[in-house]
Amino acid sequence: MHGTAWRPLTAAGAVLALVFGVLAATGAARGGEAVGTARPDAVPGGWIGTWSASPAAAVPGTDNGYPNFSIRNVVHTSVGGSAVRVRLSNAFGASPLPLGHVTVAVASAPTSPTAVPGTMRALTFGGRTTVTVPAGAEVLSDGVNLTVPADADLLVTTFSPTPSGPVTYHPAAAQTSFFTRTGDHSTEESGSAYTEQTYVWHYVAEVDVRTAHPVGSVVALGDSITDGVGSAANANHRWPNFLNGRLLGSGDQRQLGVLNAGISGNRLLLDGGTAGRSALARLDRDVLTATGVHTLVVLEGINDIQQDPHQTDPTQLISAYQQLVEQAHARGVRVIGATMTPFEGWRVYSPTLEATRTAANDFIRNSKVFDGVVDFDAAIRDPQDPLKMRAAYDSGDHLHPNDAGYQAMAAAVPLWSLY
């Protein structure tokens, strides 16, 4: 079992200020107006996403899968609903994944494998309790009636009876989950069988709920800063979690789910090991096919800049942003561009890399390619030294914010722009 928690696989950045010459050359300014997007009139069936974690890679050393394992993933909802369904992924598997049982329940506590009595539900797939997920594929369960609370923890349990091949996972969970090697305990409300812990999510990729007043889902596409590296474990203090708290507290009856499509170390342009496919390569799987996707918030690019090979040509990042917007607009999804946060003091920081971040941020703020902008850079930078993160918001590595920094980022998002 892969129990090595999450690593701060990064996020950082900067880019040269020749952006507006690039805009003229590429036609990205679009006459000073953001491209309009056609919106669906209703969310089919009232389903929207309440939680997600993007599949990033296969767990090393799992060529045989996890036969006879029950894995109880702990996931945190954004919105609540009257029914639930689950998407499971074998995206990085090399052979079919047999699942003998899959269940969902309300957790009795944030770090407990025990279910609230009476909430355990067995999931079916086309009416069957077993399912085989083809290599590279994902499956969506049938819906089942369950009162799912907002801003609460669920237990999604999978039982794999036989060998299956490499196990798809999300490495940087910042959340304790549980497992046992002793057979099928998936339907048990008690967590007593789950004697081992893990700090990653296995197989589970999305949880949907059926709601009364659905607008859709907000998907946060990003890297480790969206994944929540630097935040407190088991606290759900990533910036998308804080954003959901603002939405729930706004008094608006229109319901927006908040989905986290961050992967630590992820880039716009290049794939990378446990950092997953590039943002452009995974856009369809992790964003455009998310249930009820309505608005995309993009915070990507810092790893293209600060990781080897360093991307110092802003035109490459700009082209990637334009493609993300074009493809999302083609599916009727609005796109909010987010500026990259300061990183002076990070181990590879240099003036050249800073110039790249600056240029990319200028594009995001001023190009009008996006439907809206959230200025995360302005939200957490030090007013006295704007190339650095404010000390009160710094997790200590000068790249990743702490809980207070993530809260400040969420506070900078104009809620009206998400609808």
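Restricting to DSSP H runs of at least four residues, report the calculated mean residue ellipticity at 222 nm for the chain, -39500 (n - 2.57) per run over all residues, nearest 500 deg cm²/dmol. Don't jump to the answer; show the numbers that get you there.
On the way: 9 runs with 79 residues, N = 419.
Computed mean residue ellipticity for the chain: -5500 deg cm²/dmol.
Toward the positive end of the charge dipole of the stretch 59-204, about the Cα centre and with charges on Cβ (Lys, Arg +1; Asp, Glu -1), which of PRO161, ALA109, HIS185 goes farthest?
The one lying farthest along the dipole's positive direction is PRO161.
For a quick check, take a GNM of the chain with Cα springs below 10 Å and name the residue from PRO309, PRO171, PRO110 with the largest mean-square fluctuation.
Among PRO309, PRO171, PRO110, the largest mean-square fluctuation in the Gaussian network model of the chain belongs to PRO309.
Can you give me the Kirkwood hydrodynamic radius for the stretch 348-415, using every pair of distinct Cα atoms, in Å to one decimal? Walk me through the intermediate numbers first.
Details: mean 1/r = 0.0774 Å⁻¹.
So the Kirkwood estimate lands at 12.9 Å.
Just need the relative contact order of the stretch 59-204 here, percent rounded to a whole number, with Cα pairs under 8 Å and 6+ apart. Working shown, then result.
Values: 414 pairs, mean separation 59.1, N = 146.
Once divided by the residue count of the stretch 59-204, the mean separation gives 41 percent.
Post the alpha-carbon centroid distance, the stretch 203-257 to the stretch 321-395, in whole angstrom.
What the calculation gives is 20 Å, centre to centre.
Charges only on Cβ, +1 for Lys and Arg, -1 for Asp and Glu: so what's the dipole of the chain about the Cα centre, in debye to the nearest 20? All intermediate terms of the calculation are to be shown ahead of the outcome.
On the way: 26 positive and 35 negative charges, 116 e Å.
Roughly 560 debye for the chain.
By how many nm would the segment from ALA233 to ASP151 lengthen if fully extended, with 0.36 nm per residue of separation less the alpha-carbon distance?
Numbers: separation 82, 0.36 × 82 = 29.52 nm, distance 1.60 nm.
This chain segment gains 27.9 nm when fully extended.
If you average 1/r over all unlike Cα pairs in the stretch 277-419 and invert the result, what Kirkwood radius do you get in angstrom?
On the way: mean 1/r = 0.0636 Å⁻¹.
Answer for the stretch 277-419: a Kirkwood hydrodynamic radius of 15.7 Å.
Pick from ALA279, ALA56, ALA152 the residue whose mean-square fluctuation is largest in a GNM of the chain, springs joining Cα atoms under 10 Å.
The residue with the greatest mean-square fluctuation here is ALA152.
Express in % the proportion of alpha carbon pairs of the stretch 251-299 at distances exceeding 18 Å.
Values: 419 of 1176 pairs.
Cα-Cα pairs of the stretch 251-299 separated by over 18 Å account for 36 percent.
Is the shape of the stretch 135-200 rounded, prolate or oblate, going by the alpha carbon gyration tensor and its root eigenvalues a ≥ b ≥ c, with a/c under 1.5 for rounded and a/b larger than b/c for prolate? Could you put the intermediate results ahead of the total?
Values: a/c = 1.28, a/b = 1.14, b/c = 1.13.
Rounded is the answer for the stretch 135-200, as its axis ratio a/c remains below 1.5.
Would you work out the Kirkwood radius for the stretch 59-204? I mean one over the mean of 1/r across all pairs of different Cα atoms, in Å.
Numbers: mean 1/r = 0.0668 Å⁻¹.
The answer is 15.0 Å.
FRET efficiency for ARG347 and ALA109, Cβ-Cβ distance as r, R0 = 35 Å, nearest 0.05?
Values: r = 38 Å, r/R0 = 1.07.
Working from the Cβ atoms, E equals 0.40.
Label-point separation (nm) for ASP382 and ASP397, each offset 7 Å from Cα along Cα-to-Cβ?
Each label point lies 7 Å from its Cα, and together they span 1.9 nm.
Would you work out the relative contact order for the chain, in percent, from Cα pairs under 8 angstrom that are 6 or more residues apart? Can you show the working numbers first?
Working: 1180 pairs, mean separation 103.9, N = 419.
With pairs under 8 Å counted, the relative contact order is 25 percent.
Calculate, axis by axis, the spread of Cα positions in the stretch 191-254 along the three principal axes, and write the results as whole Å, longest axis first.
41, 28, 20
None of the figures in this text is laboratory data; all of them are computed from the coordinates on show. Small disclaimer: the values here were computed from a predicted structure and weren't measured. For neighbour counting, all protein chains shown are included, and Cβ atoms are generated from backbone atoms with ideal geometry for every residue, glycine included.
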